[in-house]
Each structure stands twice: as structure tokens, then as C-alpha cells.
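The values are calculated or read from the model by the stated rules, or taken from the named source; none is laboratory data. This is a predicted model, so every value here is computed, not measured. All Cβ positions, even for glycine, are placed from backbone atoms using ideal geometry, and neighbour counts span all protein chains on display. In case anyone asks, the SASA skips ligands and DNA or RNA and just uses the protein heavy atoms, side chains included. Shrake-Rupley method; radii C 1.70, N 1.55, O 1.52, S 1.80 Å.
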Amino acid sequence: MKNKTSIQGTWASRWIFILAATGSAVGLGNIWKFPYITGENGGGAFVLVYLICIALVGLPIMMAEVFIGRRARKNPINALEDLAEESGQSKKWGIIGLMGMLAGIFIFSFYSVVAGWVLHYIKAMASGELANVSSEQAGALFNELLADPVTLLGWHTLFTIMVLAVVIAGVNKGLERATRIMMPALFFLLIALLGYAISTPGFSQGWDFMFHFDVSELSWDAVLVALGHSFFTLSLGMGTIMAYGSYMPKKASIGSTVLMVGALDTLVALVAGLAIFPIIFSNGMNPGAGPGLMFISLPVAFGQMAFGQFFGVLFFVLVGVAAWTSAISLLEPSVAFLVERFKLKRSTASIGLAILVWLLGIACLGSFNFMSDVTFFGKNTFDALDYLTTNIMLPLGGILIAIFAGWFVKDQFVKDEVQTSNIIHTCWKISVCVISPIAVSIVLLLNL
Ligand code: PHE
């Protein structure tokens, strides 16, 4: 039992796990979603609630996921089943993993479309097409892109192939190698952009906007958004972190490692906000512009600044890299499951899944053009899948994982695997047994 390893491989070191998990966590959620939902929800007060959700709910659930994965050394479904059996519980707990797989496939399909926009914007920025555009022109260009299924399909296809190329190569030759190259690049790009933002006149206004806490600005809605987003941004509730945990070396301490991943993810989101808002304010634009913030407001802002084109390209490359390392992790749990349960070859499993998510992605990109009249509860396919996963499936998966780890798994198993001090163990226990289930249930009920 003690020296089991996953048949998929093991990360070379604790640091590789930290970087790979951070690569999964840091993505469009941090750089695209976080700034625009912060803008829509009034800034500082929202940021505060988000930080509280990460600390009280996100990190404890992440610990539970890593624990389950590393103890079983298997894909999420088998890991949950094994652990349930060992603890004398029903193997039906494996269903959480199945729901997670489905969530990963759904998320990939809209994620890849947005990543496709990012690839398009790298090209548009680099070619000078966006130089000196007015906000009307930038808005028109974005809408033109959305209305053009062929261009969207091209980028979505390219992105899916990029992800497939890494996943197919396996844990060490694919995921780990990508992590070693892309994560340092990501941090470097982010710091360069932050330096640039600090040099703009709107920096202090951007800082105030993000860190000026005014409780009166807080709405219930913002709390709901913040909690849902804390699952999305930490890649929780769908088995990604469980799968990555199953490749974690035995010696690494789970508590401090998880803390590091959570801290890095939060840091990147805050820095992304600090890089974006000053640029928006320096150009007198509206921080509450919504999903278009990154694709409309930001190009306009870059277009009006010294070295704007250069930093604009850097910015979109950064977002593209971040999206790439996250999208890989959306497929990994399902690939591992197909390989381990049905003895498929990794290549067969990866290609099959890539085709599936590629097809679903077509429905998402069609939401903006040829399929715009297909709606579910009044939302187009893209919005419906985003809503279903972020606001329902991930929180539901997360709460079930918390309840399973807190109430149903033998406590001794947790103590053996996690090996933290009694105080941390008790805090963790309180969160997964009480705080997380209550907080997430309230939010889920209010959402419905
Ligand atoms: N955490 C990623 C982001 O913030 C998205 C993601 C969610 C990735 C769930 C994997 C699993 O962009």
C-alpha cells in the first residue's frame, strides 16, 4: 500500500506537482474571468469575499482531493471507489468522479472557444490590426469574430490539437515537460506586464479599485459568484487535483503543497487584476464591461499606449499559455480513467476524448452565430455550460468530496497520508465536515 505509484507516472518532485497544479489552477479563470467579475461586482468587497472562500472552503477541499488521489494512486473514479471500500462504505461514491469527468468535458468545450479567441487576439495584436482602434471599432471587431463560425472553428481546432499533443505524450513526457517550460514563462510574462501596469498613470486607481473594501457594495449575488469562482479557479470539484495528486511523490507534504498552490493561484489573479485595471483606468474605460473586458477594452487601451502593441502581444501570449496548461488538466482525469478502467491505450483515449470535446465545442462556438437560437433555460449553449459547470457541477462535486472525506473516510487514513499537526487537522476537519457543506449548500440552493 505504502509505496504504490500510478501506472501513468509520478511527478519528478514536489515542485513539479506544485507547478503542474498551479498550471491547472491558473488559467482563463484568473486572467479573463476574475478581473471581469471583480469589475462587475464592485471591486474590493468582492475580492475580500473571494479570498475568504479560497481560505475557508477552497484549500480544505483541495487538501481532500490531493489526499484521495495520492492515497489511491488511481484516476478519480477508481480512487473514490477504492477509498470508500477500504473505509467500509458503498462504492457508489465513485459517481462523484464520473460527474467530474463530465464537468471536465463540458468545461473544455467552452474553454477551448475562449482560448481560441485568445489565439486570434495574439495574431490580431501582432499584425497591428488592433493598433489605435476606438472602443466602437474594438467592439465591432470582437463581434465580427463571434459572428464568424469558420474562423472560430479554426482556432478552436488548433487549441484542441495543442492540448491533445501534450496529453497524448503522458504524465512525464507531456504534462511535466509542458509544465517545466510554460510555468516559468508564465511567471516571467506576468511580472513584465505588472511592471508595465505600475508605470501607467492609472495604477493607484486600479489598486484602490481592487483593495478598497466597502462592505455596503456587497450583494448576495456577489457572494454566490465568489464561491462558484473559487472552485473554478482552483480546479476543484471535478477530479483534476485528485488526478494530479495521484502522481505526487510520496514524501511531499500535502498541507504545505496545497497552501502553495492556493497562494500562487490567488497571487496570479490579483496580479492579473493589477495589470489590467490600471490600463483600463489610464484610458478612462469602464471596469464593469463584462466578458468583453479583455477582448474589447484592453486592446483599445493597449492601442493608445507607448509600447502597447508589444505588451499587448505579450499579454495575450500569457493568457494563451495559462489556458493551455489548464485545458490539459481538464482532460487528464478522463484519459487516466479510460486507460485504467478499460485498458485503452493512452493515445486512443486521448484522441477519442479530443474528438468528443471538439464536437461539443462546435456547439459552444455556434452559440454566437448559427446556433444562437438554441437555448437552455434562456441561455445559449456556451452560457448554459458555463453556468451548469461553474455554479452547479463544481460546487456539488466539491461539497460531496468534502462530505466523503470528512464524514465517511476513516480518519486514520487521512492522518497517515496527510501527516500534519493536530491543529491543522482539526481546522481541516471543521471545514470539510461543517463549513464547506453548509456554505456550499446555501449557495447551491440560492442558485437554483
Ligand atoms: N482553474 C482553471 C482556470 O481558472 C479552470 C479549470 C477548472 C481547470 C477546472 C481545470 C479544472 O482557468
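Which one of these is at pLDDT 95 or above and surrounded by fewer than 19 Cβ atoms within 10 Å (Cβ to Cβ): Leu83, Leu119, Leu153, Leu59? So that I can check it myself, show each step before the final result.
Numbers: Leu83 fails: surrounded by fewer than 19 Cβ atoms within 10 Å (Cβ to Cβ); Leu119 fails: surrounded by fewer than 19 Cβ atoms within 10 Å (Cβ to Cβ); Leu59 fails: surrounded by fewer than 19 Cβ atoms within 10 Å (Cβ to Cβ).
Result of the check over Leu83, Leu119, Leu153, Leu59: Leu153.
Quick one: how many residues across the stretch 163-175 are within 16 Å of Val321 (Cβ to Cβ) and open to solvent by 40 Å² or more (accessible area, probe 1.4 Å)?
Matching residues across the stretch 163-175 total 1.
Where the second residue is near the ligand (Cβ under 8 Å from one of its atoms) and not in a helix (DSSP H, G or I) and the first is of a type outside the set (S, T, N, Q) and open to solvent by less than 10 Å² (accessible area, probe 1.4 Å) and lies in the stretch 226-248, which pairs have Cβ atoms under 8 Å and are six or more apart or on separate chains?
Listed by first residue and then by second, the contacts come to Phe231/Gly237; Ile241/Leu234; Ile241/Ser235.
State all residues of the stretch 268-306 that are over 19 Å from Pro201 (Cβ atoms) and not in a helix (DSSP H, G or I); if no residue qualifies, say none.
Gly288, Ala289, Met294, Phe295, Ile296
Out of Leu224, Leu267, Leu274, Leu259, which single residue is under 28 Å from Leu394 (Cα atoms) and touching a Gly at 6+ places or on another chain (Cβ under 9 Å)? Let's see the steps before the verdict.
On the way: Leu224 fails: touching a Gly at 6+ places or on another chain (Cβ under 9 Å); Leu267 fails: touching a Gly at 6+ places or on another chain (Cβ under 9 Å); Leu259 fails: touching a Gly at 6+ places or on another chain (Cβ under 9 Å).
Going through Leu224, Leu267, Leu274, Leu259 in turn, just one is under 28 Å from Leu394 (Cα atoms) and touching a Gly at 6+ places or on another chain (Cβ under 9 Å): Leu274.
Select the helices (runs of 4 or more DSSP H) contained entirely in the stretch 25-88, then report the ones holding at least 1 residues which are among the polar types (S, T, N, Q) and within 16 Å of the ligand (Cβ to nearest atom). Working first, answer last.
Details: elements: 34-40, 44-53, 59-72, 76-86.
So the answer is 34-40.
Give me a count of the residues in the stretch 335-356 that are surrounded by 22 or more Cβ atoms within 10 Å (Cβ to Cβ) and more than 20 Å from Ser112 (Cα to Cα).
Total satisfying the criteria: 2.
Could you tell me how many of the residues in the stretch 290-316 are open to solvent by 40 Å² or more (accessible area, probe 1.4 Å) and either within 21 Å of the chain's Cα centre (by Cα) or among the aromatic types (Phe, Trp, Tyr) (or both)?
3
Please work out which residue is nearest to the chain's Cα centre (by Cα), limiting yourself to the stretch 1-24 and to residues that are within 16 Å of the ligand (Cβ to nearest atom) and among the aliphatic types (A, V, I, L, M). Reasoning before the result, please.
Step one: list which residues in the stretch 1-24 are within 16 Å of the ligand (Cβ to nearest atom), which gives 17-24.
Keeping just the survivors that are among the aliphatic types (A, V, I, L, M) gives 18-21.
Values: Ile18: 15, Leu19: 14, Ala20: 12, Ala21: 10 Å.
Of everything passing the filter in the stretch 1-24, Ala21 is nearest to the chain's Cα centre (by Cα).
Conditions (1) open to solvent by less than 60 Å² (accessible area, probe 1.4 Å); (2) touching a residue at least 12 places away in the same chain (Cβ under 8 Å), marked per residue:
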site	(1), (2)
Trp358	no, yes
Leu365	yes, yes
Met371	yes, no
Phe376	no, no
Lys379	no, no
Phe382	yes, yes
Ile399	yes, yes
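Against the conditions (1) under 20 Å from Ser246 (Cα atoms); (2) surrounded by 17 or more Cβ atoms within 10 Å (Cβ to Cβ), where does Pro395 fall short? Just the number, please.
(1)
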